[in-house]
Every structure is written in structure tokens, then in C-alpha cells.
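Structure first, then comments.
The values are calculated or read from the model by the stated rules, or taken from the named source; none is laboratory data. Not measured: the values here are computed from a predicted model. We place every Cβ from the backbone using ideal geometry, glycine too, and count neighbours over all the protein chains shown.
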Amino acid sequence: MPAPETAAAEAFHGVARPGGGDVSVVMLGRVQHFDAVIVGAGFGGIGAAIQLNRMGYRNVAILDREDDLGGTWHVNRYPGLTVDIPSTSYSYTFEPNPYWSRLFARGDEMKRYAEFVADKYDVRGYMRFGVTVSSARWDEDERHWFITLADGTTMSAQFLIAATGLLCQPCKPDIDGIESFAGDVLHTAQWNDDIALAGRRVAVIGTGSTAVQVVPELAKQVGSLNVYQRTPIWVLPKLDFELPARAQRLFAEAPALQRALRFCTDAVLETMMVLAMWRYRRFRFVNKAAGLAGWLLRLASIRDAQLRAKLAPTYDYGCKRPTISNTYYRTFTKPHVRLETAGIERIEADGIVDRDGVKQQVDVLVLATGFDVWETNMPAFEVIGRNDRNLGKWWRENGFQSYQGVSVPHFPNFFSMASPYAWVGLSWFNTVEYQMRHMARVLGEVQHRDARTFEVTEEANERYLGWVTETLEDSVFYAGNCAGSRSYYFDENGQASLFRPTSVRSALRDQERFALSDYTIG
Ligand code: NAP
């Protein structure tokens, strides 16, 4: 990354601005009380805190079980980590960063961007690290939340915001014998640079978005690499380029230019998302065109027709997170890299035995096996609302749902950012920003009426659920062929309940338009 040249660049590069945040201690009896407790110090939690600050709330705590801020971008440090959405789009619209080193920035740049934003918007001082939330319970008499931490401490808050993210519970595969493996084991979300890889026999399990990034990097260093694929992933070409210092200077001096670039990257992403995925029934040809780009990339990268066939997905583009890479396919043509497709029978102390009975000796096992999006993550901690309603239990008994992807009936003064039907697709920042607008409207009304509580009505929630599920009928998830995709986009009941199937523009506009009577404010 080039040397900082301006005060703003210095701030982004992490040399300026001490952490801010105005932490006043308010006690209610023996319990520390806050205007709001936010769980999660990633981009969702930072965005929520910025919104609360804008509305005048200063007595805020952001709790995170990790030892620093940034969420995904603090936790993930595997080799090859970059964003897979152009950085111009993968950032807050209100805080464009002219200093990305490439169109697809590296993971460490995202982490620094998180630090920069937290400092600039004065929310770092709210953060408490190494703090795990076990549960939260609404107290109807006191009309606030009691939050219990893993160490037994309790705190209370008028508002509770769960910003725990979708991809934060690493998934360890339940493969026979895995515990008996005597070599080194690395999950990509718990990377350890102290484990040597150079020249060693390495096996990667999994071929999702993470594997697509890590496999080409590992291939550069290891002695041999065996990649165990269960389901092939869609890979499209990556149109990436360096943003040299003079381009960064230009963006810093002429922000309109950067906004124009963002407009272009947003437009491409939006068009692909809306037409190829949300409106699949009508625009199937756009989806097929994306598939064709993947086919052409395989053809250009790999001569061996059998290998190409093994890497070809059999489900429609978009059923699971598609990836981009110019190096992933070519990596399998290297003599020391093998794609294993027979399936894993068991793992032994010194290697992996596949279903054909073939054993590969392995020194290091890399688990690129992703995250548990549903079972332990929806919600990420126990949340008990009004009338003892348990959020996780209620979702499982009644289907995953949330009004506008952020509120749930019977859970007063609660916003859930990693909610069912919340993700507007692609850049997570789009989701966070429409949710910030939603919070602004609801909390603005609470302030306007000098009220203490808000709660979405059952009727509004059902209406939204009806609309979102009906809209999804046209999506690739239901109108296309997702059989065999094994996608985390589908919940435990087989419903595609992660996404809000609209354009970003429409998601943002809806937050200005929903009827405030959809909430009981008192
Ligand atoms: P993932 O997409 O869930 O992929 C996990 C992989 O592990 C899949 O190939 C899966 O196979 C395989 N797997 C899991 N359990 C297995 C088992 N028991 N036996 C064999 N294979 C097994 O996880 P991910 O690659 O970590 O990506 C998760 C998400 O993180 C992505 O969808 C994306 O949203 C995000 N991500 C973003 C970036 C970025 O922006 N830079 C980078 C990486 C990831 P099956 O498909 O057969 O289940």
C-alpha cells in the first residue's frame, strides 16, 4: 500500500485519530444501564452505532467476543483474502475511501477501513472486546432489556441491536475420524500463521468462496495440494486492477469521480443480482449468460475435458454464492495440485481416505468448510422477548421471518441486523445502510413522541412476510434448479429465507415509505 500523503490518507492508514466515543456510566441499581447495547463490532455494529450517534444517543456499548473490531475482516486472515465485490461498492456510501489499492481490496485494507470509520465517527470508545453475550431478556415492567454476559455480568439497555453477522460461527465438518488426525488443522476463519506450509503435503476440504481464494495462494507454497470437492462452485472471471497512488490522489481530490466509479460497479452488481437471481423467471437468459461466462473461463483455463467436467456446477448460477477468480481453475492444472471428487470416507491420523479407498498422506488439513448460518447463528445468542417468546424457538416453529429484515413482533426495542429476509444481496454495506435508515425512522418517531418503546405489529410482519415470500417465487431459488447446490442460502426448512429480493434502491426507498403505524410506539 502506498505511503499516506494527506491527513485523510494518514487517518485511513491508521496513523491518526485516537478512538472516540463518549462512555458515561449510568447505573440502574447495581446494573450498568445503556441507551443501547449493540452486539457485534463489525460493519453492522459500527453502522448502527453511527446511526445512534446521529440521533443523539451517546450512552452506548458495543460488545464483541473477539479482541478487536472489524467482524469478518478481523477474524478472517487466510492467505489470498480479498473482497469479492468491488471495493467501490463494498464500503459505506457516506464514507467512500479513495485509498483502496485495487478494485478488489485485500482483507487487511477492509480491517483498516473499519478502524478508520470507527475512529472518524467516534464509536470506537463504545467497544468492549472479549465480551460474549449469552442471552438477552426483555423486562416488560422496566421496559428495557437485560443482557447477560458469559462471565455472569448483567447490563441493561433501552434498545438492543444484534449485529452479529451471518458468517461468524465456523463450521467444522463432521467427518469420520477427523479428531484422530495427528497433523496440523487450520480452519480458514481461525488461521494461524505459525503453522508452516512451505513444501508440506496439504489437503483442503471445501470449494466455496473461501477455497476459491485460498487454494491458488496455498498452491504457491506447499509441496502437494489435494482439494476435496463435494459440490463444484460457480467461478466467473475477476475484472480486477490496481489503483495506483495517482488514481487514489485523484479520487481523494475529486470525490465525484469515485462516486461515478461506484455508480458503475453498483449498477453492474445490481443488474446481475436483480435479473439473474431475483427475476430469474423472466430473465433466465441473464442467468444463463453468467453461466456461459463460467463455462468459457473453464474452457480457457483447463485443457483436460474431464477435469473441466468435474469442476462444472450442475445447479443454476446464483443458487449459492458465486465466486470470481482468474487463478482458481488454472491452479488445478499444476502438477502438484489434485482435485479430489470421490468424496471423503474417513480421516486417519496421517491422511484422508476417499470413497474409492485411495489414501492421501497429509501433513496439514485446511478446513475451508464455511460457517453455520442457521443452527447456532439465528440468533447468535438467546433472545427472550415479551411474554417469554424465545426468538430462536419461535423462528423454528413459525418459520424464519422479520419485518423489513430488522424487526420481530413480541421483541420490543430490538433491531436484528443479521435477520431472515434482510440481506439485499452482494455488498453487506447495502443491507446495513437500509437498516440504518429504518432505525432512523423508528427511533426518530420514538423521540418525536417522547416514547420509550417500539414494537412491530404482527399484522405488519405478516404482510411483509407474505410479500417477500411471494416475490421470491420468481427467484432462481424457486424458479430455477438449485437441487444439489447444498447452499446456506436455504434454511433448515428448505426456504430461501436469507434474502430481501429487491434492488438496493428499492430497499432504501422502502425505509422512507413504510407506515409508522406498522409499529406500536409507546
Ligand atoms: P461455504 O461457501 O459454505 O463453503 C464451504 C465448503 O466446504 C463447501 O464447498 C462445502 O461443500 C464444503 N464442506 C462443508 N462441510 C463438508 C464436509 N463435511 N465434507 C466435504 N465438504 C464439506 O463457505 P466459505 O467458502 O467459507 O464461504 C462462506 C461465505 O463467506 C461465502 O458465501 C461468502 O459470502 C463469504 N466469503 C466472502 C469472501 C469475500 O468477500 N472476500 C471470501 C470468502 C467467503 P458443499 O458445497 O458440498 O456443502
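Quick notes on this one:
- Scope region 390-418; condition within 16 Å of L160 (Cα to Cα), in a loop (DSSP other than H, G, I, E, B) and modelled with pLDDT of 95 or more; matching residues: S402, G405, V406, V408, P409, H410, F411, P412, N413, M417
- Any hit, region 74-88, residues being modelled with pLDDT of 95 or more, farther than 21 Å from G425 by Cβ, away from the ligand (no atom under 14 Å from the Cβ) and not in a loop (DSSP other than H, G, I, E, B): no
- Against the test of being away from the ligand (no atom under 16 Å from the Cβ), in contact (Cβ under 8 Å) with a residue 12 or more places away in the chain and among the small types (G, A, S), the options G71, G45 yield a single qualifying residue, G45.
- Residue in region 233-242 that is surrounded by the most Cβ atoms within 10 Å (Cβ to Cβ), counting only those that are within 13 Å of the ligand (Cβ to nearest atom) and over 16 Å from S485 (Cα atoms): K238
- E109 being at pLDDT 95 or above, within 16 Å of the ligand (Cβ to nearest atom) and assigned to a helix (DSSP H, G or I): yes
- Flag for E95 being surrounded by fewer than 19 Cβ atoms within 10 Å (Cβ to Cβ) and away from the ligand (no atom under 13 Å from the Cβ): yes
- Members of region 199-220 found to be in contact (Cβ under 8 Å) with a residue 40 or more places away in the chain and more than 7 Å from the ligand (Cβ to nearest atom), listed by number: R200, R201, V202, A203, V204, V212, V214, V215, P216, E217, L218, A219
- Where Q360 falls short, out of the listed (1) within 16 Å of the ligand (Cβ to nearest atom); (2) in a loop (DSSP other than H, G, I, E, B); (3) within 26 Å of G183 (Cβ to Cβ): (2)
- Residues of region 100-149 satisfying the condition of being free of Cβ contacts under 8 Å to residues at least 40 places away in the same chain and hydrophobic (A, V, I, L, M, F, W, C): A105
- Residue in region 162-169 that is closer than 26 Å to S419 by Cα and away from the ligand (no atom under 16 Å from the Cβ) present: yes
- Residue match in region 44-60 (condition: under 17 Å from the mean Cα position of the chain (by Cα), under 26 Å from F381 (Cα atoms) and of a type outside the set (G, A, S)): yes
- Any chance R230 is within 12 Å of the ligand (Cβ to nearest atom) and basic (K, R): yes
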